[in-house]
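For reference, the structure is listed below as structure tokens.
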Amino acid sequence: MAKQAASGGVLSGTPAALRGKLAKLGITRDADLLTHLPLRYLDETRLTPIAELEDGMLAVAEGEVTLCQLQFKPRKMLLVELKDDSGSLQLRFFHVFAGQQAALAVGTKIRVSGEVRKGFFGAEMIHPKYRKAREGMPLPDHLTPIYPTTAGLAQNSLSKLIHQALDSLPLDDTLPAALLGKLKLQPFDSSLRTLHHPPPGAPLKQLAERSHPAWQRLKFDELLAQQLSLKRAHIRRRAHAAPSLSGTGRLLAAFRAALPFSLTGAQERVVSEISRDLTQSHPMQRLLQGDVGSGKTIVAAFAALQAIESGYQAVIMAPTEILAEQHYLKLSAWLEPLGIKVAWLAASVKSKARAAALETLKDGSCQLAVGTHALFQQPVEFARLGLAVVDEQHRFGVAQRLALRDKGNGLVPHQLMMSATPIPRTLSMSYFADLDVSIIDELPPGRSPIATKVVGSSRRDEVIDRLHEACRNGTQAYWVCPIIGESDNEQSEVTAQANMSRANVKRSGRSQKLELQAALSTHEELTERMSDLKIGLVHGRMKAEEKAAVMNAFKAGELHLLVATTVIEVGVDVPNASLMIIEHAERMGLSQLHQLRGRVGRGSKQSSCLLLYQAPLGDIARQRLKAIQESQDGFEIARFDLELRGPGEFLGARQSGQPMLRFADIEHDQKLLQQASQTADWLLQHDEQAVEAHLQRWLGSKADFATV
Ligand code: ADP
Ligand code: MG
């Protein structure tokens, strides 16, 4: 620290405009400069004879200018030819500035560096760096780092600041030497210097692939910072007091006795994991994962019953009204016979009814509240809230989860997060390290596999005929209309509404309108072509009551076919529906397709799913459709999805408050992740000073990795 104080700081001496640009790169403190690591390197330590230049090479060459000519066709450019003893190289400059022709006049000796391309006229470089060559001009003695940068911030300026930071900041190790020895990790300072200044002859390939020991150390440090921050948040939340919900067994026994089926082994296991957490006097922080249809709702019901038995209230929140209502209907059907009062809180509930419901929660006469998350952002008071269940947790923002936590009147309620999208193990180990995880890895018995077929849209007529035939024979089916615009990730209406940036909302508004039009015209078309069938329509712009009415009619078997936008993606449960047709499946993301398809195959009937696509298929879309056709295992699909999209997109906008890992790759660096996780546990118990130092270096004042 003394060193830094003496130098007066690196950033504090720079103009505000420059600091603004650095902030865009996440550099707000001097220490951030240290961990701004190169993307790649340029080997300028030796000259390459022109004849040895190869396509794609980053190289330095030297020679004499033999041609310097301004051309105007096909576009304006300065064409320069450079010769050495071995051959000739073409240089092309599209932005020509005053004095450049003079500097590159025929006969001048210059040194150039840049990327080589093999063009029509042999080796060439576009916009290389160049300078006048002098006799005996030295070459740099280390590889030149290329840093990630932003518009208006030159490599040189960035590089200079980073080197100042390297020279002036303390680079002490944050980790005890014994630990490094045990983990076979290199010291921090030499690793950092190697990455910023690789010596000549350093293994470029290992550096580029980030497998070099110096990279291993920095990746480990980054993963460790994430683990420490999340696990510390977990420990801190644990320090709060929660009501101990030990239950009496009375309601739970009655509920079990009334159930028409018995729980699967996996459900039993997670029910007891949750039950044990609820008896503790610190808040549960558990993530329940299970594939589509694995039966998470009933697990939530067991948890709620334990809270209610113990004299407390429970709340269950879902991101959409359609899903929240399904939960409400199901839970009230299950629990009201046991004498439990269930309140329904949704935007569509009229103010008078809502006020009455709120009153019953406040005076404690109602034990369970079910509703959409939006409602819990408004003032809702509970007499004795003991448990909050959040379905589809990944769609909730941090603020919403925090708001819930504050509703327990001094005591922090237990929290159960449920995730409909299975999360690959590596991802939950890293980004969800602040939660305990329960996994339902078994489907209820009697589910038959869903026969999935990928069909070109040229066969749409044939598909409609088949659908018509099936519905006449008593099949209930979904027809899912295409999503429009946007990219291929999460694009359900929920996400669109929740997106924070203005631009996103606008774009989504427009695509929602187009989606609505598509749904309306598809409904019209199908009704015309199959006039003997009863065909319903459900979309996001309908009022909640209208939606519920259509869904209920479909559930009651009064409709053969339900034309729908992706509003049915989450949680809709109509066990008798056994056929699904998805139009423009090539536009949808993997987890979305898996969720949609999960709406069928819920009863004992043999189910099918037809994925219609519009040719030609892009490469990624083809891989997605192939994956969904070949697998029905949500965890396997999620792993593949993570591979295709990377963690940032996989986690989606909801997780955007969390800094992403910059260097480590959770799939390829699994071993490091494992080590970082164990090391974090050990440090949090034994070395508070190292924890502080490490978090200070890596996170400083930045947002925590923790989300809740
Ligand atoms: P998800 O995990 O996707 O939320 P749900 O909770 O909606 O799944 O359950 C899917 C369906 O399976 C529901 O109709 C539910 O009643 C039924 N179900 C849940 N558990 C079992 C079980 N153990 N045996 C038979 N059916 C079950
Ligand atoms: Mg569900």
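Straight-line cross-link partners of Lys118 among the lysines, defined as a Cα under 17 Å from its Cα and at least 8 positions apart when in the same chain: Lys83. Any chance you could check the Cα centroid distance between region 413-451 and region 297-373 for me, in angstrom? So the two Cα centres are separated by 23 Å.
Its relative contact order, with pairs defined as Cα atoms under 8 Å and 6+ residues apart, puts the chain at 13 percent.
Averaged over residues, the count of other Cβ atoms within 10 Å places the peptides 261-267, 367-373 in the sequence 367-373, 261-267, highest first. With contributions of -39500 (n - 2.57) from each DSSP H run of at least four residues, the per-residue ellipticity at 222 nm computed over the chain stands at -12500 deg cm²/dmol. For region 513-582, the dipole from Cβ point charges (+1 on Lys and Arg, -1 on Asp and Glu) about the Cα centre works out to 140 debye, to the nearest 20. Asp167 exposes around 110 Å² of accessible area when a 1.4 Å probe is run over every protein chain in place.
With +1 on the Cβ of every Lys and Arg and -1 on the Cβ of every Asp and Glu, and nothing else charged, how large is the dipole of region 185-269 about its Cα centre, in debye rounded to the nearest 20? Don't skip to the answer; put the middle values down first.
Numbers: 13 positive and 5 negative charges, 68 e Å.
In total the dipole reaches around 320 debye.
Could you pull out the chymotrypsin sites (Phe, Trp or Tyr not before Pro) across region 107-171 that fall in loop regions by DSSP (anything but H, G, I, E, B) with no more than 12 other Cβ atoms inside 10 Å? The partial results should precede the final answer.
Numbers: sites: Phe120, Phe121, Tyr130; in loops: Phe120, Phe121.
Of the chymotrypsin sites (Phe, Trp or Tyr not before Pro), the ones in loops of region 107-171 whose Cβ has at most 12 other Cβ atoms within 10 Å are Phe120, Phe121.
Size descriptors for the chain (Cα atoms only): Rg and Dmax, in that order, 30.8, 97 Å.
Summary of the geometry: region 96-132 and region 610-638, compared by the centres of their Cα atoms, lie 47 Å apart. In the chain, a dipole from Cβ-located charges (positive for Lys and Arg, negative for Asp and Glu) runs towards its positive end, and of Gly456, Leu625, Gly557 it is Gly557 whose Cα lies farthest in that direction.
For the chain, the residue among Phe663, Thr320, Ala178 whose Cα projects farthest onto the positive side of the dipole built from Cβ charges is Thr320. Computed over protein heavy atoms with a 1.4 Å probe, the carbon and sulfur contribution to the accessible area of the chain reaches 53%.
Determine, for region 502-620, the count of lysine pairs separated by eight or more sequence positions (or lying on different chains) whose alpha-carbon distance falls under 18 Å.
Values: Lys513/Lys543; Lys513/Lys547; Lys534/Lys547; Lys534/Lys555; Lys547/Lys555; Lys555/Lys605.
For region 502-620, qualifying lysine pairs total 6.
Under 28 Å Cα to Cα from Lys671, which lysines show up? Leave out anything in the same chain fewer than 8 places away. Qualifying lysines at Cα under 28 Å: Lys182, Lys184, Lys205, Lys219, Lys231, Lys702.
For Ala356 and Gln155, the difference between the fully extended length at 0.36 nm per residue and the C-alpha to C-alpha distance is 66.0 nm.
Excluding same-chain residues fewer than 8 positions from Lys626, which lysines have a Cα within less than 20 Å of its Cα? Cα-Cα hits under 20 Å: Lys453.
At 7 Å along the Cα-to-beta-carbon direction for both Lys184 and Gln623, put a label point, then send me their distance in nm to one decimal. According to this spin-label approximation, the distance is 3.1 nm.
For Glu692 and Glu52, calculate 0.36 nm times their separation in residues minus their Cα-Cα distance, and state this gained length in nm to one decimal. Present the calculation step by step, with values, prior to reporting the outcome.
Working: separation 640, 0.36 × 640 = 230.40 nm, distance 5.15 nm.
Extra length available between Glu692 and Glu52 comes to 225.3 nm.
About the Cα centre of the chain, how large is the charge dipole given +1 on each Lys and Arg Cβ and -1 on each Asp and Glu Cβ? Please answer in debye to the nearest 20. Display every interim value, and only then the final one.
Working: 83 positive and 76 negative charges, 241 e Å.
Taking the Cα centre of the chain as origin, the dipole is about 1160 debye.
Using +1 at the C-beta of Lys and Arg and -1 at the C-beta of Asp and Glu, which of Ile439, Ala225, Gln595 has the Cα lying farthest in the positive direction of the dipole of the chain? Working it through, the farthest residue towards the positive pole turns out to be Ala225.
Classified by the C-alpha gyration tensor, region 23-153 has a prolate form. Its axis ratio a/c, with a ≥ b ≥ c, is 1.5 or above, and a/b is larger than b/c. Once each part is reduced to its C-alpha centroid, what is the distance from region 192-212 to region 508-532 in angstrom? Centre-to-centre distance over Cα atoms comes out at 57 Å. Looking at the chain, the accessible area is 44 square angstrom per residue; that uses a 1.4 Å probe and ignores ligands, DNA and RNA.
Rounded if a/c is under 1.5, else prolate if a/b beats b/c, else oblate: with a ≥ b ≥ c from the C-alpha gyration tensor eigenvalues square-rooted, which is region 124-166? Write down the numbers at each step before the final one.
On the way: a/c = 2.41, a/b = 1.34, b/c = 1.80.
Judged from the Cα gyration tensor, region 124-166 comes out oblate (a/c at least 1.5, b/c at or above a/b).
The values are calculated or read from the model by the stated rules, or taken from the named source; none is laboratory data. These numbers were taken from a predicted model, which means no experiment stands behind them. Glycine also receives a Cβ, built like all others from the backbone with ideal geometry; neighbour counts cover every protein chain displayed. Quick note on the areas: whole protein, heavy atoms, side chains included, nothing else; ligands and nucleic acids left out. Shrake-Rupley method; radii C 1.70, N 1.55, O 1.52, S 1.80 Å.
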